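K.L.:
Attaching a single structure in structure tokens format; questions to follow.
The values are calculated or read from the model by the stated rules, or taken from the named source; none is laboratory data. Small disclaimer: the values here were computed from a predicted structure and weren't measured. Neighbour counts are summed over all protein chains in view; Cβ atoms, including those assigned to glycine, are modelled from backbone coordinates with ideal geometry. Calculation scope for accessible area: heavy atoms of the full protein, side chains included, ligands and nucleic acids excluded. Shrake-Rupley method; radii C 1.70, N 1.55, O 1.52, S 1.80 Å.
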Amino acid sequence: MPTFVYSSLCKGCGKCVDICPADNMQYNPKNRKGYNADPIMCAECMNCVKYCPEHAVDVRPYADFAPLGARVGVIRDTKKNIIYWRIMYRDGTVYEMASPIRTTPWGSAKGALEYPERTDLDSELLAMEDKPEYLGFPELQRPKQAVRIVGSIIKAKQQGGSGR
Amino acid sequence: MPTFVYSSLCKGCGKCVDICPADNMQYNPKNRKGYNADPIMCAECMNCVKYCPEHAVDVRPYADFAPLGARVGVIRDTKKNIIYWRIMYRDGTVYEMASPIRTTPWGSAKGALEYPERTDLDSELLAMEDKPEYLGFPELQRPKQAVRIVGSIIKAKQQGGSGR
Amino acid sequence: MSALHFPTRIVDTDILVIGGGMAGCGAVFEAKYWCRGKCKVTLVEKANTEKSGAVGMGLSACNLGVFTTDPDDPKPEDFVQYVRNDLLGTIREDLVYDIARHMTSTIKLFDEWGLPIWRDPKTGKYLRTGRWQHPIHGESYKAIIAEPCRKSADEVYERVFITHPLLDEERPNRIAGAVGFGVRDGTFYVFRAKAVIVAAGGTSLLYRPRSTGEGLGRAWYPTWANGSAYAIPLLAGAETVNMEFRLVVVRFKDAYGPVGFPYLLLKMRSTDVYGKQWEPLPDEEKAKLAKIFYDYAWARPTPTPIRTWVTIQNLKEGRGPDLMQTQERLPDEESLKVLFEDYLDMTPTQVFLWASQNIHPQKQPSELVPTEPYVQASHGSSGGMWASGPPDIAPEEYRWGPNRMLTVEGMFGAGDVVGASGHKFSSGSFTEGRIAGKAAARYVLAGPGKDYKPAISNDTIERYKEIVYRPLEWYHKNRPLTTTPEMPPGYTNWFEIHPNYLNWYQLLTRLQKIMDEYAAGWGMFYITNNYLLNRGWELLRMLEEDFRFAAAASLHELLRVWETYHRLLVGQAVVFSMMNRKESRGYYLHADYPYIDEENWHVFSHVRRDPKTGQWSFRTSPVIHIIPP
Amino acid sequence: MSALHFPTRIVDTDILVIGGGMAGCGAVFEAKYWCRGKCKVTLVEKANTEKSGAVGMGLSACNLGVFTTDPDDPKPEDFVQYVRNDLLGTIREDLVYDIARHMTSTIKLFDEWGLPIWRDPKTGKYLRTGRWQHPIHGESYKAIIAEPCRKSADEVYERVFITHPLLDEERPNRIAGAVGFGVRDGTFYVFRAKAVIVAAGGTSLLYRPRSTGEGLGRAWYPTWANGSAYAIPLLAGAETVNMEFRLVVVRFKDAYGPVGFPYLLLKMRSTDVYGKQWEPLPDEEKAKLAKIFYDYAWARPTPTPIRTWVTIQNLKEGRGPDLMQTQERLPDEESLKVLFEDYLDMTPTQVFLWASQNIHPQKQPSELVPTEPYVQASHGSSGGMWASGPPDIAPEEYRWGPNRMLTVEGMFGAGDVVGASGHKFSSGSFTEGRIAGKAAARYVLAGPGKDYKPAISNDTIERYKEIVYRPLEWYHKNRPLTTTPEMPPGYTNWFEIHPNYLNWYQLLTRLQKIMDEYAAGWGMFYITNNYLLNRGWELLRMLEEDFRFAAAASLHELLRVWETYHRLLVGQAVVFSMMNRKESRGYYLHADYPYIDEENWHVFSHVRRDPKTGQWSFRTSPVIHIIPP
Ligand SMILES: Cc1cc2c(cc1C)N(S(=O)(=O)O)[C@@H]1C(=O)NC(=O)N=C1N2C[C@H](O)[C@H](O)[C@H](O)COP(=O)(O)OP(=O)(O)OC[C@H]1O[C@@H](n2cnc3c(N)ncnc32)[C@H](O)[C@@H]1O
Ligand SMILES: Cc1cc2c(cc1C)N(S(=O)(=O)O)[C@@H]1C(=O)NC(=O)N=C1N2C[C@H](O)[C@H](O)[C@H](O)COP(=O)(O)OP(=O)(O)OC[C@H]1O[C@@H](n2cnc3c(N)ncnc32)[C@H](O)[C@@H]1O
Ligand SMILES: Nc1ncnc2c1ncn2[C@@H]1O[C@H](COP(=O)(O)O)[C@@H](O)[C@H]1O
Ligand SMILES: Nc1ncnc2c1ncn2[C@@H]1O[C@H](COP(=O)(O)O)[C@@H](O)[C@H]1O
Ligand SMILES: Nc1ncnc2c1ncn2[C@@H]1O[C@H](COP(=O)(O)O)[C@@H](O)[C@H]1O
Ligand code: SF4
Ligand code: SF4
Ligand code: SF4
Ligand code: SF4
Ligand code: NA
């Protein structure tokens, strides 16, 4: 579903341009509207559709394999943190779904400096891994019975007699 | 080599448009010049190149497999009835060739009505085939030992013993 | 832009020839030869007859030459035996024989008109590159043939594309004419005729091409071969024959230069990447292939489907690509130039590719590949339309009407149109056009067509007019809905995304992908099975439905939409035939029936689309051989 | 439009992170955690970090989850054994182990930040879809991860594309920074840094995709994954590992929806078209496969290359396509919606395709195909860059610098960049970013990077500026030569034919065709041989030369040109590796050496491009296993 923009709905805010990971969505200064300037690089990721405040962006599935006639509606509600989908089949069947997108308010995730400072720059422990519940183990894991086998592991297995 | 037109050379005569078997070459009324409007349907047949009186049309081989850098020159001389080619390799090697294109003057071929009329509408002989030198044989050929074999010819061969 | 803006022009004629290619030119010439002042012959051609059709870029040989009493020259029987083996048995020997026995007059006429046919300097006889072929300097082949054709026709309509046949409204299964539109000015044309000869060439770009991007056009058969040859008869309800037997030829990789000239004239050989020779095919390999192809594997020369099969297998098993060992047979610059000229006169891209990739054929080999499948009846394949045979030699079962009449009354075919009679090539197609031309003249002068008057209502004409221009109207009505910038005039927006329409390129890429993946294209290494064919059939149906939403921004795009629609019909006929032939005969492997089945399937397959309901049906009919084994 | 029009901006930093995807976000967070006020961390990202990279369209699982003391949870050893089998033996066990032992803290952080990870309602533990994976509601996965990353970075430059690394001019093989341009305003950026962490993701669209026309973008790995991950290190002279081991995954046909979720969570099975089950793979088939894959064929689960191989063979031999028997495991609408949601959160096209083709998964199966090859190091492949291992557990041979430093001094890698350590996926890539982030912080705070000052001359900066903008200048200089109509602003003329330049699309289609046909793409059913590889190598060289004539009409097209150039470099590394590995290990068959060769080729392959001469070289190094068999 490379995307396109309905002329009558677009207000030219540029949000679709801002979000598109592929740099496909562009702003046309002539008519002050967004448009998909590079549809063949569109991954149908739906970000421009989801981010457009005017619901002016829509998708039409890749014509090289998808017949016409299906319809997709999506609303990504960042207040309720739910995404709503409406899928209509070519044959008219409709499915509606809703899923959570996040468990915490937007903006609430902590940056590195908000986590307690540590001094063990020399250790192999990463941030928070001084705490066993973060590490998963009482201490940093290292191979319990380290070996050194150079080359084929299948051969080693056969020799060690621990084959399948 | 889908074709393109050099702006500085084209006089807008429309000959390329007239000859293109694919309807690719079009006339742009804005700048009164010819251009290839449908390069992906271009067969590199070279007709537009050959027919342009200004030598304004050129070719650049299909980029999906041909590296840049080769050059082609062609002149189709309908007075001398010779076609001249100049091929330059990407590595600079040059070949020049000339071949005849026709053994009679243009316009000289006779239409049907210029051939003697015949009355044997009922026969299987075509125009001029009343003459053995045109027919190739003294009379119209029919299978010498007609057979009637329904189905596999291999089986028939095996049964007839005339296999390989 | 409404259909009403375009004027309607009604043309009445006795004989309408659709397509002024090799067969069409032959048909016009011969029909007029017999019609004289008594019947009118009209040619309608989508391009410029001077350079239209498969010969539009020139050719380097008349691949079918003279048959004469001269002991050095072949006899029609020889040719039938060759074609029979080459096409794995299921051919119409009456049709093949018929062409051979009329070849000499065709070549003589070509010679007279000015085609530079190579001659033996000593004997003065036409040279041969193989058993059947005469080499030529063929850059202007088509232009030369067009000249007598144009002089012969009463009227010639060029740049007019026929979209639909017209059936008589009072007599079932009776052709009454055809409609189409002028590609330059949009005029709606209604041709009414007593006899219609369809000579509209073959089909390229039906399958996903190996080329990609801008190289889409690099097909062996030219881009403009769009399948009207079968679509027009199919829309009229005519029957096909062996449409599963699509053509897959070995060609130089990428540029798709043909291989007959190097093999036959220059006596080159090809090998796999390890240097093992595969063509000419060694006997021990023939013995192995005989397990799949039975006695056909032993035929000389090796049948084209088997030669192609070898190249496919080599590629598939990692020994490929086959390599044409050009350097072994190019001792001097003269011979190199002969090779170059061959391609410059026929497939210039081949030389451009060598030049672009710095490949010097006198020093190094060139790669070969099997092409994407084409549908055309004049080369090494047997798919096409089912035609009545010559009255004097055809078995009774093959004589339901005049020579080369299809299964629709008054509708004739020739050249790439007529199936189960391959290896006619350019010169044989011209000959077959002549055969059909004489048969049609006889039909309208002295046969059932004599007192016929086409019955076509104004309603019908208006309905077709609406249908034909709908893509233009649909486009202009819906275009402003989106913010996609408008293109410069006449330029296609290949990748426009619109909710309500599809352009021809989008429809075409869908068609090609379906055919490739479900109906044994190169992308599947020419394999299919029942599951794939059934699924492909469903997907083609949906594509057919989507044609309601076809859009055209210009008359040029309107041409492309209708060309693509014709290709779709050809695709449906191919898939429906493949679904029903329960063996593997042709250039593909049906995995559910992976062998030739001489016992049960040495038969013709026929499909038909009911023009009223659009339903497809299938039947088989017996192969009757008339030439001894 | 001249390079001089664009301003140059010089940015100095201690640590430069190139690419704000999963690994990049992890690197920024962790580096800053240790840097605090003492070193500066700068992120440069070509898109919008909120939705950039492979997770930009969302995901439905953290494919690598927690490792804990809980007996139900896996241990790092288990994971190494799994990855070792899955990638056919030649992996870096130190790197794989290292990721596993740090996974729990990553998942905990994700949870804290707000990622909806499914939990067992009874135990409260994270659910698993397989042995390693936790299902998530992942529509906003990337947006959630981007938040702490942005907060952590000292500076974030978005919509800036890095084109070239900068090497120190006084110290050989020492990274000094990178250059790139602002995609929105054209600013030329020069980053100078003590340490550079490359985290620029994987490579899609390197091979001809199965999709065509407007569907070009339908790759499994997203279109924007353009291979900078390898191109930037390669341009700096860093070594690769196992680049021949490209990734070919089984996906739903056309829409390319992944299969892990249906197999693992929904416990679906797949069959061929005759209903024979192939996944889970029956023992008798394993026994047959063991002839090619030895003991790897018996591993549980069946290694990804072998699962893919089965699908390839079924297709090749006419039993395909494999069919996911979805209808067997979708008893009610709820389960159907779980399936739909999985794809809507990750590959929406999958649902659109079902809807468009009227495929109801609760009633009928869906087709599977092997994809075109990708190059990326975080899934089931082992190709990538060669990185130094963790100081406490890596064998000495794998410790030439700090953890995750490549073979160029000061240049680190993480995620898709680092090879021979697959199956890290999104969460493992983040973890590896963190590992590299801490290592880089240590390097600039207390290691060899401490007193380093980049030496980059103004000449060099000006030279790169010219190089970077040349395609824009070249276009505008040459454009007026032809009559091709000018396009609306910002719109690409995909098929413009110009004698003096090629646009990115033309360069890309050439690259894809070469890779497909010569280096074992899907179009060759993943086969190649010495001949093909050598020829492909030559053709890539010519393509490289043609980049001199690359043209860009806009900054957007300039981005595409450079993305394509990076893909070319990846292609060269792949082909050079394939030319040199004399066995078949990975997702392809080298016909000259069609088996795994445990005796001679249980080794790593490395290629390197000399940054001065552009010459490529190859070497192997031993595989050292540290975890018992
Ligand atoms: C493309 C090509 C073809 C050949 C070859 C190489 C190449 C590169 N080689 S070698 O490789 O085999 O070696 C040959 C060779 O050297 N020698 C030879 O004799 N024949 C060769 N062919 C084959 C012959 O060309 C072929 O057999 C004949 O041309 C077939 O004749 P015909 O059946 O008449 O088809 P046509 O393409 O010539 O003419 C069709 C005409 O119909 C027009 N048309 C089509 N649809 C229409 C519509 N809807 N409305 C109006 N007009 C509508 C077309 O414009 C055209 O004029
Ligand atoms: C596309 C995709 C991916 C996955 C899946 C399904 C689909 C449809 N599936 S399942 O199918 O496997 O099941 C997964 C799943 O469910 N679970 C999972 O954990 N991982 C999955 N992946 C894999 C992961 O996504 C993958 O492993 C990681 O994302 C890899 O992380 P990293 O190595 O950081 O790559 P990235 O793509 O996230 O980020 C790269 C960044 O670099 C930027 N960039 C690139 N080049 C740059 C340049 N020159 N200059 C500046 N910036 C420049 C990019 O914009 C991006 O931000
Ligand atoms: N908007 C549409 N686009 C494409 N196909 C459609 C559309 N609506 C219906 N169809 C399909 O067209 C076929 C005929 O539908 P109808 O036009 O209703 O007779 C059915 O198979 C529908 O699935
Ligand atoms: N190797 C061959 N042996 C015999 N005939 C061939 C061979 N290759 C091509 N031909 C014939 O040469 C003509 C042109 O073939 P092509 O160039 O492949 O289209 C056709 O009649 C082919 O059947
Ligand atoms: N049939 C299977 N058996 C075991 N693991 C699988 C299977 N299919 C996919 N996976 C794993 O599931 C994850 C996602 O796979 P995929 O969806 O194919 O990208 C990866 O870890 C795969 O290795
Ligand atoms: S986000 Fe919506 S309203 Fe804003 S420019 Fe894009 S299409 Fe227009
Ligand atoms: S769907 Fe995604 S890739 Fe396509 S235009 Fe929208 S944001 Fe860009
Ligand atoms: S034939 Fe030549 S001069 Fe005439 S319009 Fe075409 S390009 Fe211009
Ligand atoms: S080369 Fe032939 S097909 Fe291409 S534009 Fe010119 S005349 Fe048309
Ligand atoms: Na394409």
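K.L.:
Under the rule of -39500 (n - 2.57) per DSSP H run of 4 or more residues, summed and divided by the residues of the protein assembly as shown, what mean residue ellipticity at 222 nm is obtained, to the nearest 500 deg cm²/dmol?
P.N.:
On the way: 40 runs with 476 residues, N = 1586.
Helices in the protein assembly as shown give a 222 nm mean residue ellipticity of -9500 deg cm²/dmol.
K.L.:
With a 1.4 Å probe and every protein chain left in place, tell me how much accessible area C:ILE10 has, in Å² to the nearest 10.
P.N.:
C:ILE10 has an accessible surface of roughly 80 Å² with all protein chains in place.
K.L.:
Continuing with this model, one more query. Under 8 Å for C-alpha pairs, at least 6 residues apart: give me the relative contact order for chain D, rounded to a whole percent. Mind showing how you got there, number by number?
P.N.:
Working: 1447 pairs, mean separation 132.8, N = 629.
The value is 21 percent.
K.L.:
Follow-up question, since we're still on this one. Straight-line reach from C:LYS337: which lysines have a Cα under 17 Å away, not including same-chain ones fewer than 8 places off?
P.N.:
Candidates past the 8-residue exclusion: C:LYS267, C:LYS363.
K.L.:
Now for a separate question. If you average the sequence gap of Cα pairs under 8 Å that are 6 or more apart and divide by the length of the stretch A:1-78, what percent do you get for the contact order? If you can, show how the numbers build up before the last one.
P.N.:
Working: 127 pairs, mean separation 29.0, N = 78.
Averaging sequence separation for qualifying contacts and normalising by length gives 37 percent for the stretch A:1-78.
K.L.:
Mind grabbing the interface size between C and D? I mean buried accessible area, both sides, 1.4 Å probe, in Å² to the nearest hundred.
P.N.:
Details: alone 23570 and 23580 Å², together 42730 Å².
When C and D are taken together, about 4400 Å² of accessible area is lost.
K.L.:
Ballpark to the nearest 100 Å², how much total accessible area do B and C bury together, probe 1.4 Å? Numbers along the way, then the final one.
P.N.:
On the way: alone 12930 and 23570 Å², together 26760 Å².
About 9700 Å² of accessible surface is lost on pairing.
K.L.:
Which residues of the stretch C:64-90 end up with at least 30 Å² less accessible area in the presence of all protein chains than when their chain stands alone, using a 1.4 Å probe?
P.N.:
With the partner chains in place, the stretch C:64-90 has these residues losing at least 30 Å²: C:THR69, C:GLU77.
K.L.:
What nm value, rounded to one decimal, do you get for the distance between A:MET88 and C:ASP451 when each label is placed 7 Å out toward the C-beta?
P.N.:
Here the modelled spin labels are 5.9 nm apart.
K.L.:
Residue by residue through the stretch D:578-590, which ³J(HN,Hα) values in whole Hz follow from phi under the Karplus form 6.51 cos²θ - 1.76 cosθ + 1.60 (θ = phi - 60°), with glycine and proline marked x?
P.N.:
Karplus values, whole Hz, x for Gly and Pro: 5, 4, 9, 7, 9, 7, 10, 9, x, 9, 6, 10, 8.
K.L.:
If you don't mind, there's one more thing I want to ask. For each pair in A:LYS131/D:LYS151; C:LYS276/D:LYS316; D:LYS513/D:LYS582; B:LYS79/C:LYS253; D:LYS75/D:LYS122, compute the distance between the two Cα atoms and list the pairs where it is over 30 Å.
P.N.:
Exceeds cut-off: B:LYS79/C:LYS253.
K.L.:
Percent relative contact order of the stretch D:548-598, based on C-alpha pairs within less than 8 angstrom and at least six residues apart?
P.N.:
Relative contact order comes out at 19 percent.
K.L.:
Share of chain C's accessible area from carbon and sulfur, percent, 1.4 Å?
P.N.:
Working: 8050 of 15920 Å².
Exposed carbon and sulfur together represent 51 percent of the surface.
K.L.:
Give me the accessible area per residue for the protein assembly as shown, probe 1.4 Å, as a whole number in Å².
P.N.:
Numbers: 46160 Å² over 1586 residues.
Counting only protein heavy atoms, the per-residue value for the protein assembly as shown is 29 Å².
K.L.:
For the protein assembly as shown, just say rounded, prolate or oblate: build the C-alpha gyration tensor, square-root its eigenvalues into a ≥ b ≥ c, call rounded for a/c under 1.5, and beyond that prolate if a/b exceeds b/c, oblate if not. Walk me through the numbers before you get to the answer.
P.N.:
Values: a/c = 1.92, a/b = 1.81, b/c = 1.06.
Cα axes put the protein assembly as shown in the prolate bin.
K.L.:
Given q = 0.19 Å⁻¹, what are the Debye log10 I(q)/I(0) values for the stretch C:250-370, with equal point scatterers placed on the Cα positions and solvent ignored?
P.N.:
Results for the stretch C:250-370 at q = 0.19 Å⁻¹ read -1.01.
K.L.:
Tell me, what is the FRET efficiency for B:LYS11 and C:HIS5 to the nearest 0.05, using R0 = 30 angstrom and their Cβ-Cβ distance as r? Could you put the intermediate results ahead of the total?
P.N.:
Working: r = 31 Å, r/R0 = 1.03.
In this case the efficiency is close to 0.45.
K.L.:
Placing +1 at every Lys and Arg Cβ and -1 at every Asp and Glu Cβ, with all other atoms neutral, what dipole size does chain D have around its Cα centre, in debye to the nearest 20? Provide the component values of the computation, followed by the final result.
P.N.:
Working: 72 positive and 74 negative charges, 120 e Å.
About 580 debye.
K.L.:
Follow-up. Between D:GLN277 and C:ILE292, what FRET efficiency comes out of the Förster formula 1/(1 + (r/R0)^6) with R0 = 45 Å and r the beta carbon distance, rounded to 0.05?
P.N.:
On the way: r = 30 Å, r/R0 = 0.66.
Calculated value: 0.95.
K.L.:
Among the aspartates and glutamates, which fall within straight-line cross-link reach of D:LYS612, defined as a Cα-Cα distance under 19 Å, with same-chain neighbours fewer than 8 residues apart omitted?
P.N.:
The reachable aspartates and glutamates, counting only those whose Cα sits under 19 Å from D:LYS612, are D:ASP168, D:GLU169, D:GLU170, D:GLU239, D:GLU409, D:ASP459, D:GLU462, D:GLU466, D:GLU544, D:GLU545.
K.L.:
Please check the stretch C:45-63 for residues whose accessible area, probe 1.4 Å, is lower by 40 Å² or more when all protein chains are in place than in their chain alone.
P.N.:
Residues shielded by partner chains are C:ASN48, C:LYS51, C:MET57.
K.L.:
So, one more: Apply 1/(1 + (r/R0)^6) to the Cβ-Cβ distance of C:GLU397 and C:GLU328, taking R0 = 56 Å, and write down the FRET efficiency to the nearest 0.05. Kindly include the intermediate steps, with their values, before the conclusion.
P.N.:
On the way: r = 49 Å, r/R0 = 0.88.
In this case the efficiency is close to 0.70.
K.L.:
Residues of the stretch C:196-241 losing 30 Å² or more of accessible area relative to the isolated chain, 1.4 Å probe, heavy atoms only?
P.N.:
Listed by number, the residues meeting the 30 Å² cut-off are C:ARG208, C:ARG210, C:THR212, C:GLY213, C:GLU214, C:GLY217, C:ARG218, C:THR223, C:TRP224.
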